[in-house]
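Some notes on the structure that comes next.
The values are calculated or read from the model by the stated rules, or taken from the named source; none is laboratory data. Predicted, not measured: the structure shown is a model, and the values here were computed from it. All Cβ positions, glycine included, derive from the backbone under ideal geometry; neighbour counts span all protein chains shown. SASA here: full protein model, heavy atoms, side chains in, ligands and nucleic acids out. Shrake-Rupley method; radii C 1.70, N 1.55, O 1.52, S 1.80 Å.
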Amino acid sequence: LAGRPQPGANYAFTDVNGSDAVIWAAETRVVTGDGRGKFLPLTVVTREQAAVMIYNYVRSLGKEMPQATGITAQLLDGAAISSWARPAVDFCLSAGIIPAAGTREDLYLPGSSITRSEAALYLTNLKNYLA
């Protein structure tokens, strides 16, 4: 969605070399790493981490962010969503970017890893949201 932006730095994380995309994402605060200078590129992404990256990307565009809707509090596993991810999960659910889970759509499953097809769906939903 961002095209091929050029970062201003040469590196951002100690465990990733030569990735303009990762450096750009760090510069724009779409990603922040593990807090110890690492990106952890081989680690799977969870649903709550995906929500935070999407939320941060929308914020990096300077878009007006909707007020928190409190959707997370209505989910059966809402208490399991990390406090640092709640605003992002709330945004992604209310914007229809990341759908709720479960047969009754009453779960978020914050610690579940996302698949490649789920990531593609979330990015398609994000593109539609931004349009």
| message | If a residue must be hydrophobic (A, V, I, L, M, F, W, C), crowded, with 16+ Cβ neighbours inside 10 Å and over 17 Å from the mean Cα position of the chain (by Cα), how many such residues does the range 1-53 contain? | response | 3
| message | Checking Thr103 against (1) open to solvent by 30 Å² or more (accessible area, probe 1.4 Å); (2) in contact (Cβ under 8 Å) with a residue 24 or more places away in the chain; (3) more than 16 Å from Ile54 (Cα to Cα), only one condition comes out false. Which one? | response | (2)
| Meets criteria (touching a residue at least 60 places away in the same chain (Cβ under 8 Å) and open to solvent by 20 Å² or more (accessible area, probe 1.4 Å)) for Ile114 | yes
| field | the range 54-100: number of residues that are under 15 Å from Gly111 (Cα atoms), hydrophobic (A, V, I, L, M, F, W, C), open to solvent by 60 Å² or more (accessible area, probe 1.4 Å) and out of contact with any strand residue (DSSP E or B) (no Cβ under 7 Å at 6 or more places or on another chain) | value | 3
| message | Need a quick list: helices (runs of 4 or more DSSP H) entirely within the range 1-96 having at least 3 residues that are closer than 23 Å to Lys127 by Cα. | response | 20-27, 47-60, 86-94
